[in-house]
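As structure tokens, the structure follows; a few thoughts come after it.
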Amino acid sequence: MKITEKLQMDINGLMENGPINIVIFGDSVSHGSFNADEIDYEAVYHNRLRKKINAVRNYVPVNIINASIGGLSAYASLPRMERDVFSHNPDLVIICFGLNDVNMELEIYLNSLKKIFDRCIESKVDAIFMTPNMLNTSVSPETEDKYYEYAHKTADMQNNGRMDRYMTAAVELAKSIGVKVCDCYAMWKELSKSQDITELLANKINHPTKEMHELFAQSLFECIFDGVDEIKHKQTSTMYKGE
């Protein structure tokens, strides 16, 4: 059953099918990281997404299961996929890797994504591949000393086209096997024509500011509800039924 269908459930539907479960499978941005030592589970994009979905219909609970771990690539996350993702019986898996994977060979990244995508298809679970944000395009004087060298590396990977190549290949892979794509990276590229991308990153390397998480949330919301007519609000009592 699609999320948009589950949102229409009444008490009988909830008893039969349970609430909506969305699993987020990604790296530090999805984990909730902003500055080096700051994690904010309220400001992260998938919490914003949850609120947007329940603003459409608030009777059906939307459970966000955050299966993301900062610092990991898609490849490093494969061994925990069954435990952290599919054990939760998800209605939707949102997959967002790439910021760490760009440090590895492209083939490893694509093969790892394909295993995740294939597992979703095999389980008949809806999946969205959300491309991440851009990396820094310059080295900010605000960069912490211990990350200064890495900031040079990430800026080079962004500016020399490596990050672009990885994202293009990942999007082509997802589309080729029928996984829906929410291409936020393309939106960041468009923003880069008029804005300094480094200033849109909380840690000046790869973690978007809290305000930029709204772009992810709104883009995912539109992706989930693409082509769906207005959800009808049904008033359903939550009072004790005497049973």
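The values are calculated or read from the model by the stated rules, or taken from the named source; none is laboratory data. Every value quoted in this text rests on a predicted model; they were computed, and no experiment measured them. Please note: Cβ atoms are built from the backbone with ideal geometry, for glycine as well, and neighbour counts cover all protein chains shown. Only protein heavy atoms, including side chains, enter the accessible area calculation; ligands, DNA and RNA are left aside. Shrake-Rupley method; radii C 1.70, N 1.55, O 1.52, S 1.80 Å.
Less than 5 angstrom separates the built amide H of K180 from those of A127, F129, all sequence-distant by 5 or more or on a different chain.
What does the charge count around K146 come to, taking other residues whose C-beta lies under 15 Å from its C-beta (Lys +1, Arg +1, Asp -1, Glu -1)?
Working: positive: K153, K204; negative: D37, E142, E144, D145, E149.
Result for the neighbourhood of K146: -3.
Full extension of the segment from Y148 to I121, taken as 0.36 nm per residue of separation minus the current Cα-Cα distance, would add 5.7 nm. Farthest towards the positive end of the charge dipole of the chain, among the residues N160, S87, S237, is the Cα of S237, using unit charges on the Cβ of Lys, Arg, Asp and Glu. Whole-Hz Karplus values for the range 14-25 come out as 5, 5, 7, 10, x, x, 7, 10, 10, 9, 9, 10 Hz, taken residue by residue from phi with 6.51 cos²θ - 1.76 cosθ + 1.60 and θ = phi - 60°; glycine and proline positions read x. Sites listed here are GluC sites (Glu not before Pro) in the range 146-229 whose DSSP assignment is loop and whose Cβ has at most 11 other Cβ atoms within 10 Å: E211.
When the chain is fully extended, how far beyond the present Cα-Cα distance does N89 get from E214, taking 0.36 nm per residue of separation? Write down the numbers at each step before the final one.
Working: separation 125, 0.36 × 125 = 45.00 nm, distance 2.66 nm.
Stretched out fully, the N89 to E214 stretch lengthens by 42.3 nm.
Per-residue Karplus couplings for the range 124-140, computed as 6.51 cos²θ - 1.76 cosθ + 1.60 with θ equal to phi - 60°, are listed in order as 6, 9, 4, 9, 10, 8, 9, 5, x, 6, 6, 7, 4, 9, 8, 9, 6 Hz, Gly and Pro entered as x.
Distance distribution P(r), the chain, all Cα-Cα pairs, bin width 10 angstrom from 0: 7, 31, 35, 18, 7, 2, 0 percent. Each Cα pair under 8 Å and six or more residues apart adds its sequence gap; the mean of these over the residue count of the chain is a relative contact order of 24 percent.
Volume of the convex hull of the range 33-106 (Cα atoms only), normalised per residue: 112 Å³.
Mind checking the range 11-88 for GluC sites (Glu not before Pro) that DSSP puts in a loop (not H, G, I, E or B) and that have at most 11 other Cβ atoms within 10 Å?
Those satisfying the criteria are E42.
Under 5 Å from the amide H of I65 lie the amide H atoms of I22, V23, I24, each residue being 5 or more positions distant or on a separate chain, with H modelled from the backbone and absent for Pro and chain starts.
Report the charge-dipole magnitude of the chain in Debye, nearest 20, computed about the Cα centre from +1 at each Lys and Arg Cβ and -1 at each Asp and Glu Cβ.
Details: 26 positive and 35 negative charges, 127 e Å.
For the chain, the charge dipole is close to 600 debye.
With the helix formula -39500 (n - 2.57) applied to DSSP H stretches of n ≥ 4, the chain reaches a computed 222 nm mean residue ellipticity of -11500 deg cm²/dmol. Using only side-chain charges placed at the Cβ, +1 for Lys and Arg and -1 for Asp and Glu, the dipole size of the range 110-243 relative to its Cα centre rounds to 480 debye.
When the residues R50, R165 are ordered by accessible surface, computed with a 1.4 Å probe over the protein chains alone, the sequence from largest down reads R165, R50. Using the Cβ-Cβ distance between R162 and D40 with R0 set to 25 Å, the FRET efficiency works out to roughly 0.30. Pair-distance distribution P(r) for the range 148-230, from all Cα-Cα distances in 10 Å bins starting at 0: 15, 42, 33, 9, 1 percent.
Per residue, the convex hull spanned by the alpha carbons of the range 85-222 comes to 122 Å³.
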